[in-house]
Amino acid sequence: MNKMIALFALFACGFPASADEIKLSKFQIDTSVLAVERGVDAFMNACHGCHGLKYVHYRDLANFGIDKDKIAAWRGDSTLDSAMSSLISDEAAMQSFGIVPPDLSMIIRAREGGASYVYSYLIGYYLTTDGKTGNHFFPLTKMPDALDISSATDPAKRSDLQGKAHDIVSFLAWAADPHEAERKTLGYYVIAYLILLTILLYNVKLDVWSKLKA
Amino acid sequence: MPSRIIKWIDHRFPLTSFIKHELTGYPTPRNLSYWWNFGFLAGFVLMLQVATGLFLAMHYKPDASMAFDSIQHIMRDVNYGWLLRYMHSTGASAFFLVIYIHMARTLYYGSYRAPRELMWWTGQGLLLLLMATAFMGYLLPWGQMSFWGATVITNLFRATPFIGDEVVVWLRGDYAVGDDTLTRFFALHYLFPFLIIGAVVVHLVALHTVRSSNPSGIDLADKDNIPFHPYYTIKDFYGLGVFLIVYFLVVFFFPHSVLEPANNIPANPMVTPDHIVPEWYFLPFYAILRSVPNMVGGVVAMGLSVMIFAFMPFLDRSRIPGGAHYRPVFRLLFYIFILDILVLGYVGYVPPTSQTIAIGQVATIIYFMTFLILPFVSKAEDKWLFKRGLPPKILALIASEEEEKRKRSMR
Amino acid sequence: MAELDDLDDTGRRDFLLKVTTVVSGAGAAAACYPFVASMNPSADLLAKANTEVNLSGVTPGAMLSVSWQGKPVFILRRTKEQIKAMAANNGGLYPEQDSDRTKQPEWLVVIGVCTHMGCVPNKEGEGWTCHCHGSLYDDSGRVLRGPAPKNLEVPPYRFIAADKIMIGEA
């Protein structure tokens with residue numbers, strides 16, 4: 001509840017970005033195999049140079065259902081068993097950015113606002129008057145505009161980049177919680193079973209207590 | 001054949017007599033409401049936590065360099081590891097919810113009164129053990145909130161007179177919370193639940209000595225007691241079914257509602273998160289701690305806010321049994337207290353502003369005042385209620401209790 | 001305590017109780033499954049069931065020792081003389097053709113665990129010697145002498161390239 005209020009407050013602060021992003025207060029995560037696959041693709045192009053996911057292994061993508069050949073193209077020399085670590089070393093990153101780009105395995109869970117926040121952040125870059133980039137959602141960020149959305153004025157281009165950001169966030173959402181689908185499916189079965197069992201227990205209870213003389 | 005085996009055992013072990021005495025022949029008041037289910041639920045959640053904790057311990061690594069990774073390993077690679085972890089984290093919250101309701105029932109119905117003082121005090125001991133267990137358990141994931149929460153709370157022991165600094169270092173095993181702290185907290189977190197089980201046994205022995213109280217406050221006649229089994233065994237199982245639905249709804253669909261986002265970031269001794277906040281079940285006490293501007297004062301106030309419950313049998317000077325049942329002023333105090341705790345919880349959660357600090361201080365005063373005015377209010381209310389008139393059964397009970405007291409003091 | 005009423009409609013009662021007991025029992029049994037399953041090897045270990053080994057750089061006569069499923073695997077690149085010597089006879093105590101134990105005669109792949117009590121034998125000149133109880137194996141991993149009851153085990157493996165093998169699947 002507090003997260004929703006905080007996020008709404010952030011949105012309500014008002015900023016000169018286009019209206020459709022602001023309204024996306026509830027990001028619809030699409031964790032279908034296709035969306036995640038597009039997300040990994042976009043991630044590899046735009047993010048993998050600096051960010052890694054040390055807790056996600058290439059074999060996890062294979063187990064999820066992504067084509068092994070696609071994965072082979074993404075992992076290059078790394079084995080299927082290895083983690084999706086970034087291409088830049090910590091030292092080199094410190095030199096270039098003054099900060100080590102955070103690992104993204106849990107980023108959706110590690111930020112207030114979750115997927116909505118990360119998505120808004122990615123598309124929240126804008127050009128300042130002196131030609132630098134700023135970010136509406138995390139002004140102190142040292143991360144450059146990876147999707148180059150700040151210079152995209154053409155609506156079709158913006159929409160395309162927003163789609164990329166959407167896919168990346170969908171991938172990151174899956175990465176932070178790969179068992180979510182399984183959890184929810186099992187959940188439906190367990191709750192259904194428990195409702196049945198509780199109804200039975202209730203009837204036995206009524207039965208047993210009916211034996212009592214008033 | 002089974003009866004022969006049972007006879008063989010009975011010769012050597014009080015199996016049948018135990019079952020008869022404590023279950024099938026154990027008299028329980030017939031009018032217990034569903035508020036009496038929560039003791040059983042607490043015992044069930046205890047077993048759940050021990051089971052899930054044990055299986056998690058097979059994969060968890062209590063080392064600062066491996067702890068966070070081992071949790072990821074559990075969540076991602078261990079078969080059903082994610083389920084064990086969510087059951088354990090939700091279970092901790094469920095445990096406190098059940099215990100708080102259990103305590104509220106006891107306070108409302110005055111079940112802490114003689115002869116049930118020891119039940120209340122063993123319960124108090126159980127609450128302290130549970131709080132310690134939960135606090136230590138929270139360090140184990142070694143996230144940002146784990147680390148900094150442990151840093152803040154272990155720091156509080158600096159309030160110990162004369163040896164405060166040494167105590168803090170001794171607790172931590174190091175000058176700051178670190179690997180030594182983590183490993184020993186794991187060892188203790190594994191141990192404490194078994195101490196809790198022992199204390200629960202003592203709690204139950206006490207219960208079976210004085211027998212359950214009941215909503216009317218009056219000890220029911222023999223004919224109005226019914227055997228615990230099958231009446232209350234089935235009622236407890238039914239209540240368990242309802243509880244499990246709620247519990248598993250959280251486990252499967254909202255497990256993150258009890259997991260702080262900041263704890264998904266590995267502990268960083270160099271960076272404190274903007275907003276350190278304990279788990280919800282500690283929030284009211286945390287608010288009281290922060291309400292007192294002085295460090296030692298805050299610690300003392302927080303400690304007192306937990307321990308003051310123990311004084312209830314002495315603070316409540318009413319002779320009328322049944323707690324809030326026949327006493328409207330006591331009932332009002334009870335509701336004010338509950339509301340006050342919720343306000344304190346909110347104050348403990350939000351970042352402190354001058355407004356929330358002020359609210360917190362008022363709420364803290366109200367918290368302690370409800371206890372401190374009780375001796376006077378209860379006596380005054382008694383006077384008023386006797387004048388107004390009470391049910392004859394109550395008057396009879398009070399009269400017989402006076403007799404008992406007089407007889408005992410004369411011996 | 002209150003007297004128990006005479007039971008009427010016992011048939012329905014019994015059925016309800018039976019059904020509830022069965023449903024509860026089934027649930028309790030099902031609930032045990034995740035606990036038991038969690039003790040089985042986790043996904044990362046199952047992935048390590050197969051190990052890829054690069055054979056380039058192993059000169060004839062040299063041996064490579066790799067870890068597979070936590071055990072050592074000896075990969076011996078045999079010289080022409082060694083191959084001839086191994087093909088010449090069927091080994092000592094448990095005769096087996098050398099060609100049955102290799103996919104390519106140049107490469108011997110065996111699990112480096114003595115079949116007696118589990119020690120790791122040492123490569124000493126020809127073959128291997130186990131210093132725990134004195135078993136002696138030839139360059140095909142066959143027992144020549146000693147208490148070992150079986151020849152060194154050949155794990156499932158296959159060539160995925162001229163100089164790469166995958167241990168774990170045939």
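The values are calculated or read from the model by the stated rules, or taken from the named source; none is laboratory data. What you are looking at is a predicted structure, and each value in this text was computed from that prediction instead of being measured. No Cβ is skipped: glycine too gets one built from the backbone with ideal geometry, and neighbour counts run over all protein chains shown. Just the protein is used for accessible areas: all its heavy atoms, side chains included, with ligands, DNA and RNA removed. Shrake-Rupley method; radii C 1.70, N 1.55, O 1.52, S 1.80 Å.
Structural remarks
- First in the range A:45-60 and assigned by TED's automatic domain parsing to the domain that holds A:Ala146 and assigned to a strand (DSSP E or B), second anywhere and of a type in the set (D, E, K, R) and surrounded by fewer than 22 Cβ atoms within 10 Å (Cβ to Cβ), Cβ under 6 Å, 6 or more apart: A:Lys54/A:Asp103
- Scan of the range A:191-204 for residues that are more than 7 Å from chain B (Cβ to nearest Cβ) and of a type outside the set (A, V, I, L, M), ordered by number: A:Tyr193, A:Asn203
- Flag for B:Arg105 being open to solvent by 20 Å² or more (accessible area, probe 1.4 Å) and farther than 23 Å from A:Ser105 by Cβ: yes
Okay, residues lined up against (1) under 30 Å from B:Lys379 (Cβ atoms); (2) of a type in the set (A, V, I, L, M, F, W, C):
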{"position": "B:Glu260", "(1), (2)": "no, no"}
{"position": "B:Val271", "(1), (2)": "no, yes"}
{"position": "B:Leu289", "(1), (2)": "no, yes"}
{"position": "B:Ile320", "(1), (2)": "yes, yes"}
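- When the range A:151-171 is limited to residues that are of a type in the set (Ser, Thr, Tyr) and closer than 18 Å to A:Phe43 by Cα, the one that is surrounded by the fewest Cβ atoms within 10 Å (Cβ to Cβ) turns out to be A:Ser159.
- Test: A:Tyr202 is out of contact with any helix residue (DSSP H, G or I) (no Cβ under 9 Å at 6 or more places or on another chain), open to solvent by 70 Å² or more (accessible area, probe 1.4 Å), outside the structural domain of A:Ala62 (by TED's automatic domain parsing) and assigned to a helix (DSSP H, G or I): no
- Those residues of the range B:223-271 which are closer than 19 Å to B:Met47 by Cα and either more than 7 Å from every other protein chain (Cβ to nearest Cβ) or more than 25 Å from the chain's Cα centre (by Cα) (or both), in sequence order: B:Thr233, B:Asp236, B:Gly239, B:Leu240, B:Phe243, B:Val246, B:Tyr247, B:Val250, B:Val251
- Check on A:Leu104, under 20 Å from A:Ser170 (Cβ atoms) and either away from chain B (no Cβ under 14 Å) or at pLDDT below 90 (or both): no
- Residues located in the range B:119-131, provided they are within 24 Å of B:Leu191 (Cβ to Cβ) and hydrophobic (A, V, I, L, M, F, W, C): B:Trp121, B:Leu126, B:Leu127, B:Leu128, B:Leu129, B:Leu130, B:Met131
- Residue identified as open to solvent by 30 Å² or more (accessible area, probe 1.4 Å), under 30 Å from B:Pro269 (Cβ atoms) and in contact with a Leu (Cβ under 9 Å, 6 or more places away or on another chain) among B:Phe228, B:Phe192, B:Phe185, B:Phe237: B:Phe192
- Annotation: of all residues in the range A:205-214 being within 7 Å of chain B (Cβ to nearest Cβ), open to solvent by 20 Å² or more (accessible area, probe 1.4 Å) and assigned to a helix (DSSP H, G or I), the one that is nearest to B:Phe253 (Cα to Cα) is A:Lys205.
- Members of the range C:122-154 that are buried (at least 18 other Cβ atoms within 10 Å of the Cβ) and among the acidic types (Asp, Glu): C:Asp138, C:Asp139
- When each of B:Leu84, B:Leu129, B:Leu54 is tested for being within 13 Å of another protein chain (Cβ to nearest Cβ), farther than 19 Å from B:Val258 by Cα and not in a loop (DSSP other than H, G, I, E, B), the lone residue that passes is B:Leu54.
- From C:Met63, C:Met39, C:Met117, residue being within 11 Å of another protein chain (Cβ to nearest Cβ) and either over 20 Å from C:Cys130 (Cα atoms) or within 26 Å of the chain's Cα centre (by Cα) (or both): C:Met39
- Scan of the range A:172-190 for residues that are in a helix (DSSP H, G or I), within 7 Å of chain B (Cβ to nearest Cβ), open to solvent by 20 Å² or more (accessible area, probe 1.4 Å) and not basic (Lys, Arg), ordered by number: A:Leu186, A:Val190
- In the range A:64-87, the residues that are open to solvent by 20 Å² or more (accessible area, probe 1.4 Å) and either under 20 Å from B:Ile71 (Cα atoms) or of a type in the set (Val, Ile, Thr) (or both): A:Thr79, A:Asp81, A:Ser82, A:Ala83, A:Ser85
- Close pairs (9 angstrom Cβ cut-off, 6 or more residues apart or separate chains): at positive phi in the range B:186-211, open to solvent by 50 Å² or more (accessible area, probe 1.4 Å) and not in a helix (DSSP H, G or I) anywhere: B:Arg211/B:Asp219
- Filter result for B:Asp63 (among the charged types (D, E, K, R) and more than 14 Å from chain C (Cβ to nearest Cβ)): yes
- Within the range B:326-411, helices (runs of 4 or more DSSP H) holding 1 or more residues that are under 26 Å from B:Gly297 (Cα atoms): B:328-349, B:354-372, B:374-388
- For B:Tyr34, the criteria (1) surrounded by 18 or more Cβ atoms within 10 Å (Cβ to Cβ); (2) out of contact with any Asp or Glu (no Cβ under 6 Å at 6 or more places or on another chain); (3) touching a residue at least 60 places away in the same chain (Cβ under 8 Å) hold in every case but one, which is (1).
- When residues of the range B:78-98 are limited to those that are in contact (Cβ under 8 Å) with a residue 12 or more places away in the chain and open to solvent by 30 Å² or more (accessible area, probe 1.4 Å), the one nearest to the chain's Cα centre (by Cα): B:Leu97
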